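As structure tokens, the structure follows; a few thoughts come after it.
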Amino acid sequence: MVKIRSIIFYSLIKREILRFSKVAVQTVFAPLISTSLYLIIFAYSFQNREAVGYNIPYIDFIVPGLIIMSLIQNSFANTSSSLIVAKYQGNIVDLLLAPFSHIQLSLGFMIGGIARGMLVGFVIYLVSIFFYGGSVAYPFLAIIFALIISGIFSLLGIIAGLWAEKFDHVSIFSNFFITPLTFLSGVFYSVRGLPGIWSEVSLFNPVFYMVDMVRYAFVGQSDISPWLSLIIVGASFLALLYLVTHLFKIGYKVKS
Amino acid sequence: MTVAIKIDSINKSYGELQALDDINLEIRKGEFFGLLGPNGAGKSTLIGILGGLVNKDSGSITVLGKDTVKDYRETKLSLGIVPQEIAFDPYFNVRETLKIQSGYFGIRDNDEKIDEILDALGLTDKAEKGPRELSGGMKRRLLIAKALVHDPEIIVLDEPTAGVDVELRNSLWEYVIKLNKEGKTIILTTHYLEEAETLCDRIGIMNKGKVVKVDTKDNLINSIDRKLLKVKVDKTSDDLGEVFASYKLDVDDKNKEFEIEVSKNQLDKVLSLINSLDTTILDMNISSPRLEDVFLKLTQLGGGQD
Ligand SMILES: Nc1ncnc2c1ncn2[C@@H]1O[C@H](COP(=O)(O)OP(=O)(O)OP(=O)(O)O)[C@@H](O)[C@H]1O
Ligand SMILES: [Mg+2]
């Protein structure tokens, strides 16, 4: 039984990874190109400048932010589009008829999203080496942080995919929620340098903690303690995992 | 254990509509069971609850003794459900779809079984085609194939032959009969009553969310005590109406034929009356009621037109 269950689980992960690999031009190369453009633009526009509050070149400051941004977008896009397409085509019934446990469904989709997010994030890191040299202060931490963050956004993508009734709904979720939170999280600037109240407001943005802790792993400096960020981000991850598993259990918007 | 599926007081409503109203039903191991009923009777809803596609309001279902909610992983492994709605995974071709599907049911290397199913369903030459390249009937075949890859003990076919050509129908039934002979339990819903009549051992008839009758096919058909005698003669005389005054008679002067509707215990009497006629009998035909007659009788009990 344990063996059967692991095959079942592994099949879902495999399916999720095969799915985005089949449309890699759109799922892997397109984000790679757009982020590379950001790198080129920032590298040349802010040559010889330093990030405010950090004694490092701006490009070094921005690379971890850009990596996290594409990690977030791709993890989210992977699970949300996988689910919305399955609902639209009707093949979501395959998942409902198959003997998956609810936590297997959560983790299976999540790992698919993590796989795409980490793949895109890693390739962008490789590209960024040409722009800033590629040094990472704490590589192991960087990987752990990246895994948790893409896990969070894969789970959010599941929620969006289950909730959405049309393809448009998914873009509402990402345009009005994910993109603003990401852009205002300190990807492009240090929150420390923000005037007055805005640096405090940023503390209510969960993405801020994610970007900040990954920046710590890359450059060894951050706006707040990375361990505090890890606690906040880790707790969000567990809460989301619980929520998503519950949604699968009740068949939220997929069972009548 | 002889019970494959035990359905116990299942209720389901959609808002005001009581889609399933206290359904009790037992499907025996190894039988070929027909679940019939007009559109909207609740057949697919019941199958949906069985497979975990629909949440029930109350009641319980066990599959081979396991509860479909508590032990859903076990019950899903024993079920192979072909849903009524065609759905496909747009990213994968036929063979990939069936491989993934095998994995979903815990089977890693399943090429032999996949080839067998492809062959039985006439999909072998479409194996490398994407679902968008398949015709409607072929998509239906893929839907059926998907439900069979894990060699389930219980196979549920929700209108598997809708939109499928005669050739596949025949090969599909040949394959399903073979599976049934090997001991698999089959549940079939169909609107082609001749199909149900030739295939099924027992039949349950649903109407408006209720099971109105469950019996063996033979008992159901025999429950309508009515024979139709069609007699061809050399001349139809005017006194036919008098002779058969107490029977339902239909005379066709042009073709020199008449039809009489009788119950079984009237057969003897009517035959001697026919014999006493001053005509020569050229041909005679006695027909029994069909499942369709039973079906119509039972589903119009409520007086509805649906
Ligand atoms: N998701 C749903 N929401 C609301 N009503 C529904 C839903 N699914 C089914 N129904 C209603 O429940 C009733 C039973 O539907 P069901 O699909 O089970 O019928 P059926 O016997 O399978 O019919 P058919 O022969 O047309 O397939 C119908 O009146 C239908 O309109
Ligand atoms: Mg139906």
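When the accessible area of the protein assembly as shown is split by element with a 1.4 Å probe, what percent falls to carbon and sulfur? Spell out each step's value before the answer.
Numbers: 14570 of 25660 Å².
That fraction is 57 percent.
Please report the antiparallel percentage of the DSSP beta bridges confined to chain B, to the nearest 5. Don't skip to the answer; put the middle values down first.
Values: 38 of 54 bridges.
Looking only at bridges with both residues in chain B, the antiparallel portion is about 70 percent.
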*Sorted by average packing, counted as other Cβ atoms within 10 angstrom per residue and highest first, what order do A:187-196, B:185-194 take?*
B:185-194, A:187-196
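From the helices alone, meaning DSSP H stretches of at least four residues, give me the mean residue ellipticity at 222 nm for chain A, per-run term -39500 (n - 2.57), in deg cm²/dmol to the nearest 500. Can you show the working numbers first?
Working: 11 runs with 187 residues, N = 256.
Computed ellipticity for chain A at 222 nm equals -24500 deg cm²/dmol.
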_For chain A, set up a GNM with springs between Cα atoms under 10 Å and report which of A:Leu97, A:Leu12, A:Leu83 has the largest fluctuation._
A:Leu97
*Can you pull out the buried accessible area for chains A and B, both sides counted, probe 1.4 Å, rounded to the nearest 100 Å²?*
3000
*asked:* To the nearest 20 Debye, how big is the dipole of region A:13-111 about its Cα centre, given +1 on the beta carbon of each Lys and Arg and -1 on that of each Asp and Glu?
replied: 320
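Rounded to the nearest 500, what is the 222 nm mean residue ellipticity of chain B from helices alone, with -39500 (n - 2.57) per DSSP H run of 4+ residues and division by all residues?
Working: 11 runs with 102 residues, N = 306.
Mean residue ellipticity at 222 nm (helix-derived): -9500 deg cm²/dmol.
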*With springs only between Cα atoms under 10 Å, which of B:Lys227, B:Lys99, B:Lys210 fluctuates most in a Gaussian network model of chain B?*
B:Lys227
*Mind checking the angle between helix A:206-219 and chain A's longest principal axis? C-alpha axes, 0 to 90 degrees, to the nearest 10.*
60
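Treating the beta-carbon of each Lys and Arg as +1 and of each Asp and Glu as -1, no other charges, what is the dipole magnitude of the protein assembly as shown about its Cα centre, to the nearest 20 debye?
Numbers: 57 positive and 62 negative charges, 409 e Å.
Charge dipole of the protein assembly as shown: 1960 debye, to the nearest 20.
Can you tell me the accessible area per residue over region B:3-221, all protein chains present, probe 1.4 angstrom, in square angstrom?
Values: 8670 Å² over 219 residues.
Here the residues of region B:3-221 average 40 Å² of exposed surface.
Sum up the charges of everything whose Cβ sits under 11 Å from the Cβ of A:Pro226, counting Lys and Arg as +1 and Asp and Glu as -1, but leave A:Pro226 out.
Working: positive: A:Arg215; negative: A:Asp212, A:Asp223.
So the surrounding residues net to -1.
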*For a quick protection proxy, order the peptides A:27-33, B:280-286, B:267-273, A:206-212 by their average other-Cβ count within 10 Å, most packed first.*
A:206-212, A:27-33, B:267-273, B:280-286
*How would you classify region B:1-96 from its alpha-carbon gyration tensor, with a ≥ b ≥ c the square roots of the eigenvalues: rounded for a/c under 1.5, else prolate if a/b is greater than b/c, otherwise oblate?*
oblate
*P(r) histogram, all alpha-carbon pairs of chain A included - 10 Å bins from 0, percent*: 7, 31, 34, 19, 7, 1, 0
*Apply 1/(1 + (r/R0)^6) to the Cβ-Cβ distance of A:Ala239 and B:Ala127, taking R0 = 41 Å, and write down the FRET efficiency to the nearest 0.05.*
0.40
*Tell me the label-point distance for the pair B:Lys70, A:Ile144, using the 7 Å Cα-to-Cβ offset, in nm and rounded to one decimal.*
4.2
*So what does B:Ser171 come to for accessible area, using a 1.4 Å probe and Å² rounded to 10?*
40
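Work out how much length B:Lys269 to B:Ser237 would gain on full extension: take 0.36 nm times their residue separation and subtract the Cα-Cα distance, in nm to one decimal. Before the final figure, lay out the partial values.
Numbers: separation 32, 0.36 × 32 = 11.52 nm, distance 1.96 nm.
Value of the extension gain: 9.6 nm.
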*Which value results when the Cα radius of gyration for region A:1-42 is divided by 2.2 N^0.38 Å?*
1.83
_Label zone at B:Tyr192 (point 7 Å along Cα-to-Cβ), backbone N below 13 Å, region B:151-170_ = B:159-170
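Heavy atoms only, 1.4 Å probe, whole protein assembly: order B:Trp173, A:Trp198, A:Trp163 by accessible area, highest first.
Details: B:Trp173 25, A:Trp198 150, A:Trp163 90 Å².
Descending accessible area places them as A:Trp198, A:Trp163, B:Trp173.
Could you calculate the FRET efficiency of A:Phe204 with B:Glu16 from 1/(1 + (r/R0)^6), where r is the beta carbon distance between them and R0 is 41 Å, rounded to 0.05? Walk me through the numbers on the way to the answer.
Numbers: r = 44 Å, r/R0 = 1.08.
Once rounded, the FRET efficiency stands at 0.40.
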*To the nearest 10 degrees, how steeply does helix B:166-181 sit against the main Cα axis of chain B, on a 0 to 90 scale?*
80
*Once you charge only the Cβ atoms, +1 for Lys and Arg and -1 for Asp and Glu, what is the size of the charge dipole of region B:225-288 about its Cα centre, to the nearest 20 debye?*
280
*Rounded to whole Hz and in sequence order, give me ³J(HN,Hα) for region A:185-195 from the Karplus expression 6.51 cos²θ - 1.76 cosθ + 1.60, θ = phi - 60°, writing x for Gly and Pro.*
9, x, 5, 9, 8, 8, 4, 4, x, 6, x
*Taking the dipole about the Cα centre of region A:60-250, with the C-beta of Lys and Arg at +1 and of Asp and Glu at -1, give me whichever of A:Tyr209, A:Ile124, A:Phe100 is farthest to the positive side.*
A:Phe100
*asked:* Excluding same-chain pairs closer than 8 in sequence, count the lysine pairs in chain A whose Cα atoms lie under 20 Å apart.
replied: 10
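So what is the diffusion coefficient of the protein assembly as shown in µm² per second by Stokes-Einstein at 25 °C and 0.890 mPa s, using a Kirkwood Rh over Cα pairs?
Numbers: Rh = 27.9 Å.
So the translational diffusion coefficient is about 88 µm²/s.
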*May I ask you to list the residues of region B:246-272 whose amide nitrogen lies under 19 Å from a point 7 Å from Cα along the Cα→beta-carbon direction of B:Met284?*
B:246-252, B:256-272
*Compute the acute angle (0 to 90°) between the alpha-carbon long axis of helix B:136-148 and the principal axis of greatest extent of the alpha-carbon atoms of chain B; round to the nearest 10°.*
70
*For region A:86-144, just say rounded, prolate or oblate: build the C-alpha gyration tensor, square-root its eigenvalues into a ≥ b ≥ c, call rounded for a/c under 1.5, and beyond that prolate if a/b exceeds b/c, oblate if not.*
oblate
*asked:* 5 Å is the cut-off here: which amide hydrogens, built 1.01 Å from N in the peptide plane, fall below it relative to B:Leu134, excluding neighbours closer than 5 in sequence?
replied: none
*Would you mind telling me which residue in A:Ile129, A:Ile13, A:Ile84 has the biggest mean-square fluctuation in a Gaussian network model of chain A, where springs connect alpha carbons within a distance under 10 angstrom?*
A:Ile129
*Which order do A:Lys166, B:Lys139 take when ranked by solvent-accessible area (1.4 Å probe, heavy atoms of all protein chains), largest first?*
A:Lys166, B:Lys139
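What's the ranking of B:36-44, B:142-150 by average number of surrounding C-beta atoms within 10 Å, highest first?
Working: B:36-44: 20.1, B:142-150: 23.4.
Per-residue Cβ counts within 10 Å, averaged per peptide and sorted highest first, yield B:142-150, B:36-44.
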*Calculate, in whole percent, how much of the Cα-Cα pair population of region B:3-221 lies beyond 23 Å.*
45
*When Cβ neighbours within 10 Å are restricted to other protein chains, what is their mean count per residue of peptide B:89-95?*
5
*So which residues in region A:70-90 end up with at least 50 square angstrom less accessible surface once the other protein chains are there, compared with the chain by itself, probe 1.4 angstrom?*
A:Gln89
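The values are calculated or read from the model by the stated rules, or taken from the named source; none is laboratory data. It should be emphasised that the depicted structure is a prediction, and the values quoted were computed from it without experimental measurement. Glycine gets a Cβ as well: all are built from the backbone with ideal geometry, and neighbour counts include every protein chain shown. These accessible areas exclude ligands, DNA and RNA; they are computed on the full protein's heavy atoms, side chains included. Shrake-Rupley method; radii C 1.70, N 1.55, O 1.52, S 1.80 Å.
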